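What follows is a single structure, written as structure tokens, with notes after it.
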Amino acid sequence: MDEAVTPRVSIIVPAYNAAGFLERALHSALAQTMPSLEVIVVDDASSDATLALAREVAARDPRVRVLHNEHNRGMYPTYNRAIDAARGEWIAALDADDVWLPERLEQMLAVSAGEDAVSDDELILRTSPYHRGRVKALSLLASHGVSVTTPRRINTLEFVRHDLGLLKPLMKRSFLQQHELKYDADLKIGADFHLYFEILLAGARWLQLPNAYYMYSWHGENTSRDTSAIAEDVAKSNEGLLRHPVVAADSVLVRALKRRAKEWESNGAFAVISNLLRQRRGAELGRLLVDEPSHLWLAMGKIVRSLRRRALWRISSVSGQYAPARYYPGDRRQDGRSAGSPRGS
């Protein structure tokens, strides 16, 4: 790309041991109907062919730049390195095991005037072992109890109450620079929520679209499924967020943040109990419940929320449908399944 030409969007792609699906993700970015873009891949010292694959794609398309961490730095420092290298008006994060529909950027930019962030719904793609590996498409917004039928603004309280940290918004680079906002490198998993919350606290105008153009691959190795680690991150994140003057002055927002932290504590307790049961460590589980009986009640809360979420999935407009092949542009595999390696680093 000509250095004198500023791309409209910088797509940042952190990649760690992502050789199984990186090319698919990059293909979906480069196939956008809005071509004024750059793609910045940062390899986080992968031990597989990730770096070589990224360089192959860059050799074919000058819009791709490849950076390489000599040592593994982790997901969020890698994201931040990509942001530092970005030149676009907007920044868009794409995880290496996810894909976009071709019209994603065009549709989001069409309504971006006067906005600081624009997000779409996501389809969570889950492979069903009972249906020959076909992939179910589930709405993120519907699963979190959010109804969006026309483009509308999202506020801080709604963002917290519905725990919308999995959204992948377009973010205006000048807004991030003006407010000195980046991913919190001290967090291992929950820095997405933390950054988006800080963006809203800084007064961002955030528009939410009803349609889904981002395809989130849900598989057994997603870091977003490590509930115990997320619970720790949420607690750490909350310590700082609750001290923010805007938050401290808003008792409703304070309660919402504390409730979210409690829910993730519940998720963590459920994960601990489930792991002990799965490993048949009954004696250790018994001691845990005697020493910390609250774990059982916390875990029950997780079960209730899981049942509610499943019900929301079932009534969602896309629940139960199978993802068509166009959700997997450029995939080397022919069976429609995720080729999986860890999302995080």
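Side notes on the structure shown:
- Spatially proximal lysines relative to Lys172 (Cα-Cα < 18 Å; intrachain offsets below 8 disregarded): Lys182
- Sorted peptide list for 21-30, 160-169, 244-253, criterion being average Cβ within 10 angstrom, highest first: 21-30, 160-169, 244-253
- Converting phi to 3J(HN,Hα) with the Karplus coefficients 6.51, -1.76 and 1.60 and the offset θ = phi - 60°, the range 237-252 yields 4, 4, 4, x, 5, 5, 8, 5, x, 5, 5, 4, 8, 10, 5, 5 Hz in sequence order, with x at every glycine or proline.
- The range 1-97: Rg to Rh, with Rh as the Kirkwood radius over Cα pairs: 0.93
- Among Met171, Met34, a tally of other beta-carbon atoms within 10 Å of each Cβ gives an order, fewest to most, of Met34, Met171.
Each reported figure results from applying straightforward, stated rules to the coordinates on display, with no laboratory input. Bear in mind the structure is a predicted one, so any value in this text is a computation, not a measurement. A quick note on method: Cβ atoms are made from the backbone with ideal geometry, for glycine too, and the neighbour counts reach across all protein chains shown.
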